[in-house]
Amino acid sequence: MLTEERHQVIVDLLKQDGIVKSQHLMDVISCSESTVRRDLDQLEDAGQLIRIHGGAKRTYQLGEELTASEKSFKNTQSKELIGKMAAELVENNDVIFIDAGTTTFAMLPYLRTKQITVVTNGIQHASLLTDQGVETYVPGGKIKPSTKAIIGSQSLNELKNYRFDKTFLGMNGIDLAFGCTTPDPEEAALKQMAYQQAAAGFLLADQSKWNKVNFAKVCELEDVTIVTDTLTDHLQHYQDKTTIMEAAK
């Protein structure tokens, strides 16, 4: 096996498990201890892992949170595809929760003709839904300026009294080892409550969110069905841990 191939195997194993032992690498790659040691040293120098006793652990950089305005200009075509597919999952008479965020916002134009009830913590979402004639509720709480999301203990307490047919969440990071994460613990708590109160949970995420880790965990991969734009080859191994729906172009 070529050096580049060995390095890719090591990186892929770390993405899946977060940590890998040298003996396991020797068995998988069929090489000597000195070769594994050299490969780990090279990958550590490249900033792709951290050496520990008997193996290595994954390294990562926590993602920054962009404002709603900054996000709105990123991956717009992908978000449109994802939003359209997500809206197709909504049936007449459904009661649904739609999370704040630019990807979930892409759902809204496709809900115009549906007879549904929506609860959302997105200020911009609530405004557009109301303009479209959709019955819309917003929980109380404080408004986060950067994302225009309603968060806090009051909104959490209100969601405890609701039940949803489906919940649609945005997410900043999706990772095999660390699950679904977002930068703000208060937003994470609201997302957790929303999917716990629903019969089915859907996570809407374009390719920029995969293999990313943020500060606050929301849920495990297996807790939700992920709606994404394109399932590229390097994401195929996610299918072993969760259900993925790929939006057609």
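The values are calculated or read from the model by the stated rules, or taken from the named source; none is laboratory data. Treat the numbers as computed from the prediction; the structure is a model and nothing was measured. Cβ sites come from the backbone with ideal geometry, for glycine too, and all protein chains shown count toward neighbours.
A few points about this structure:
- Listed by position, the strands (runs of 3 or more DSSP E) contained in region 138-177 that have at least 2 residues being among the charged types (D, E, K, R) and crowded, with 20+ Cβ neighbours inside 10 Å form an empty set.
- Residue ID - nearest to Val227 (Cα to Cα), chosen from residues in region 141-180 that are touching a residue at least 40 places away in the same chain (Cβ under 8 Å) and of a type in the set (Ser, Thr, Tyr): Thr167
- The residue that is modelled with the highest pLDDT, among those in region 192-249 that are small (Gly, Ala, Ser) and part of a loop (DSSP other than H, G, I, E, B), is Ala205.
- Condition met for Gly101 (under 17 Å from the mean Cα position of the chain (by Cα), buried (at least 16 other Cβ atoms within 10 Å of the Cβ) and closer than 19 Å to Glu187 by Cβ): yes
- Out of Thr147, Thr130, Thr167, one residue alone is at pLDDT below 95 and out of contact with any Leu (no Cβ under 6 Å at 6 or more places or on another chain). It is Thr147.
- Residue check for Thr181: closer than 21 Å to Ala126 by Cα and within 19 Å of the chain's Cα centre (by Cα): no
- Within region 190-203, being out of contact with any Phe, Trp or Tyr (no Cβ under 6 Å at 6 or more places or on another chain) and in contact (Cβ under 8 Å) with a residue 12 or more places away in the chain holds for Leu190, Lys191, Gln192, Met193, Tyr195, Ala199, Ala200, Leu203.
- The set of residues from region 1-47 being out of contact with any helix residue (DSSP H, G or I) (no Cβ under 6 Å at 6 or more places or on another chain), surrounded by 14 or more Cβ atoms within 10 Å (Cβ to Cβ) and not in a helix (DSSP H, G or I) comprises Gly18, Ile19, Lys21, Cys31.
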